[in-house]
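In what follows, a structure is listed as structure tokens, so that the remarks can point back to it.
The values are calculated or read from the model by the stated rules, or taken from the named source; none is laboratory data. In this text the structure is predicted, and so the values were computed from the model without any measurement. For neighbour counting, all protein chains shown are included, and Cβ atoms are generated from backbone atoms with ideal geometry for every residue, glycine included. With ligands, DNA and RNA removed, areas are computed over all heavy atoms of the protein, side chains included. Shrake-Rupley method; radii C 1.70, N 1.55, O 1.52, S 1.80 Å.
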Amino acid sequence: ALDDVRALRARYGDRIDLRLRHFPLEKHRHAYAAAQAAEEAFEQGQGWPYVEAVLARTEELASKGEPLLLEIARELGLDAEEFDTALIDGRHLLIVDADQAEGKAIGVTGTPTYIIDGERLDGGKSQDGLRQRIEEIADRVLAAGV
């Protein structure tokens, strides 16, 4: 999914609004903390670089947990102390909870899931052909000037 997101951002730039919504899965012990940390990274102006860095190190996140989230923040030059405080005080909980509730309401069951022009595309089981389908819809929408 990370490669797809990078490719979509590179191909479309600002022509499409690519938004991250959180749907932390219970089977991933640190997903909820990672979602909150991502929100803090967006608040500090480095959301996408942070998300990409965390997603590139998911195996390490499984073993190291929250200390890795702070380590990645430091590596990107973000205020890691503020990350730690945000994880403790829960300032981003409402955003993560609202995203998850919205996902459940529209039938999301896994990640990644993409919503484009009202169509839900589930990549949780397979990414095969997903980017092509997203590009087909995006190209159609952009051509129509919607």
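Take the residues in the range 111-146 that are more than 16 Å from residue 5 (Cα to Cα) and modelled with pLDDT of 85 or more; name whichever of them is surrounded by the most Cβ atoms within 10 Å (Cβ to Cβ).
Within the range 111-146, the first condition is being more than 16 Å from residue 5 (Cα to Cα), and the residues that meet it are 117-119, 125, 140-146.
Remaining after also requiring modelled with pLDDT of 85 or more: 117-119, 140-144.
Details: 117: 11, 118: 7, 119: 10, 140: 12, 141: 14, 142: 12, 143: 8, 144: 8.
The extreme case among them is 141.
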Please state which of the following conditions residue 91 fails to meet, knowing it meets all the rest: (1) closer than 30 Å to residue 142 by Cβ; (2) modelled with pLDDT of 95 or more; (3) not hydroxyl-bearing (Ser, Thr, Tyr). (1)
Within the range 28-47, can one find any residue that is in contact (Cβ under 8 Å) with a residue 24 or more places away in the chain, surrounded by fewer than 19 Cβ atoms within 10 Å (Cβ to Cβ) and of a type in the set (Lys, Arg)? yes
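When you scan the range 26-44, do you find a residue that is closer than 21 Å to residue 133 by Cβ and charged (D, E, K, R), even just one? Even if it seems obvious, please write down each step before you answer.
Residues of the range 26-44 closer than 21 Å to residue 133 by Cβ: none.
No - not one qualifying residue is present in the range 26-44.
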For the range 90-103, indicate whether the set of residues that are of a type outside the set (S, T, N, Q), touching a Leu at 6+ places or on another chain (Cβ under 8 Å) and in a helix (DSSP H, G or I) is non-empty. no
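Given the condition aliphatic (A, V, I, L, M), touching a residue at least 60 places away in the same chain (Cβ under 8 Å) and either under 29 Å from residue 120 (Cβ atoms) or open to solvent by 60 Å² or more (accessible area, probe 1.4 Å) (or both), answer yes or no: does some residue in the range 83-106 qualify?
Step one: of the range 83-106, the residues aliphatic (A, V, I, L, M) are 86-88, 93-96, 98, 101, 105-106.
Now narrow it down to the ones that are touching a residue at least 60 places away in the same chain (Cβ under 8 Å): 95-96.
Narrowing the set further to residues that are either under 29 Å from residue 120 (Cβ atoms) or open to solvent by 60 Å² or more (accessible area, probe 1.4 Å) (or both) leaves 95-96.
Yes: the range 83-106 contains one or more residues that are aliphatic (A, V, I, L, M), touching a residue at least 60 places away in the same chain (Cβ under 8 Å) and either under 29 Å from residue 120 (Cβ atoms) or open to solvent by 60 Å² or more (accessible area, probe 1.4 Å) (or both).
Does at least one position in the range 46-53 carry a residue that is β-branched (Val, Ile, Thr) and part of a helix (DSSP H, G or I)?
First pass over the range 46-53, keeping only residues β-branched (Val, Ile, Thr): 51.
Now narrow it down to the ones that are part of a helix (DSSP H, G or I): 51.
Yes, the range 46-53 contains a residue that is β-branched (Val, Ile, Thr) and part of a helix (DSSP H, G or I).
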Mind counting the residues in the range 120-146 that are closer than 25 Å to residue 26 by Cα and touching a helix residue (DSSP H, G or I) at 6+ places or on another chain (Cβ under 9 Å)? 5
Return yes or no: is residue 15 open to solvent by 20 Å² or more (accessible area, probe 1.4 Å) and within 25 Å of residue 139 (Cα to Cα)? yes
Here is a list: 26, 60. Which entry is outside any loop (DSSP other than H, G, I, E, B) and among the acidic types (Asp, Glu)? 60
Return the residue satisfying two criteria in turn: it lies in the range 66-82 and is under 20 Å from residue 27 (Cα atoms) and surrounded by 14 or more Cβ atoms within 10 Å (Cβ to Cβ), and of such residues it is modelled with the lowest pLDDT. 66
